[in-house]
1. Just going by the charge dipole of the range 6-147, with Lys and Arg at +1 and Asp and Glu at -1 on Cβ, which of 144, 94, 15 is farthest out on the positive end?
2. Please report, in debye to the nearest 20, how large the charge dipole of the chain is about its Cα centre when each Lys and Arg carries +1 at its beta carbon and each Asp and Glu carries -1 there.
3. When the chain is treated as a GNM, springs tying every alpha-carbon pair under 10 Å, which of 33, 45, 130 comes out with the largest mean-square fluctuation?
4. With each run of n ≥ 4 DSSP H residues scored as -39500 (n - 2.57), what mean residue ellipticity at 222 nm is computed for the chain after dividing by its residue count and rounding to the nearest 500 deg cm²/dmol?
5. Please say if the range 1-79 is rounded, prolate or oblate, where rounded means a/c under 1.5 for a ≥ b ≥ c the square roots of the C-alpha gyration tensor eigenvalues, and otherwise the choice is prolate for a/b larger than b/c and oblate otherwise?
6. On a 0 to 90° scale, report how tilted helix 26-36 is relative to the longest principal axis of the chain, with both axes built from alpha carbons and the result rounded to the nearest 10.
7. To make sure I understand the rule: partners must be lysines, Cα under 24 Å from the Cα of residue 148, and not fewer than 8 residues away in the same chain. Which ones qualify?
8. What percent of all Cα-Cα pairs in the range 6-147 falls into each 10 Å bin, going from 0 up to the bin containing the maximum distance?
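Read-outs: derived from the displayed coordinates by stated rules, not from any lab. Please read these numbers as outputs of a predicted model, since none were measured by experiment. FYI the Cβ positions are ideal-geometry reconstructions off the backbone, even for glycines, and counts take in every protein chain you see.
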Amino acid sequence: MEYNVEPLLVNYKTLEEFKKFKEYGIQELSMHEDLEANIIENDSESPFYGIYFGDKLVARMSLYRRSAKFDQYFEPPQDYLELWKLEVLPDYQGKGYGRALVEFAKHYNLPIKTNARLQSHDFWRKMGFETVTYNMERDLGQNPLVWKP
Ligand code: COA
């Protein structure tokens, strides 16, 4: 099944769709506040990508490029993509949406770092991600996983 991964725009419709996702939090709330305060323009770009089923957003992730300067995960340090908030709405799980978003991220041909929720480790392993040996002090409470092109 081919899915169309789209960059998501910051507007009230997108923010309304985001409320259905479990990992709705500070990032979405600040987008909302920025919109209300006109700090960002309606329909400006967000770091989110998603897949629609009809006009319903059913899967999404946040994806942004980090500079090698901040790299703690790859040797030697290099530019990489930070992927987080990957989530597929319950009724749409197991249909390839998660894989489609991860493959979209892989197309940039940069290393990817993510933080896995505990129950999703098997999914990430299937996507070719591995745990990193990292400095625990710098990354307390996270489960970083990486993929290399
Ligand atoms: N554990 C093990 N394997 C999993 C899995 C999981 N939780 N979720 C998906 N897979 C496997 C699928 O069986 C599939 O394998 P296949 O290609 O061999 O058939 C592959 O990973 C791709 O699956 P896909 O359909 O793309 O996954 P998805 O669209 O459901 O997305 C998540 C995966 C984890 C992002 C999504 O299910 C999600 O947001 N879940 C909610 C939070 C969570 O972590 N739940 C875990 C279960 S409690």
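1. Towards the positive end, the residue furthest out is 94.
2. Working: 19 positive and 24 negative charges, 127 e Å.
The calculation lands at about 600 debye.
3. Most flexible of the set in this elastic network: 33.
4. Numbers: 4 runs with 34 residues, N = 149.
That comes out to -6500 deg cm²/dmol.
5. Working: a/c = 2.22, a/b = 1.36, b/c = 1.63.
Here the range 1-79 falls in the oblate category.
6. 40 degrees
7. The reachable lysines, counting only those whose Cα sits under 24 Å from residue 148, are 69, 85, 106, 113, 126.
8. 11, 40, 35, 15, 1
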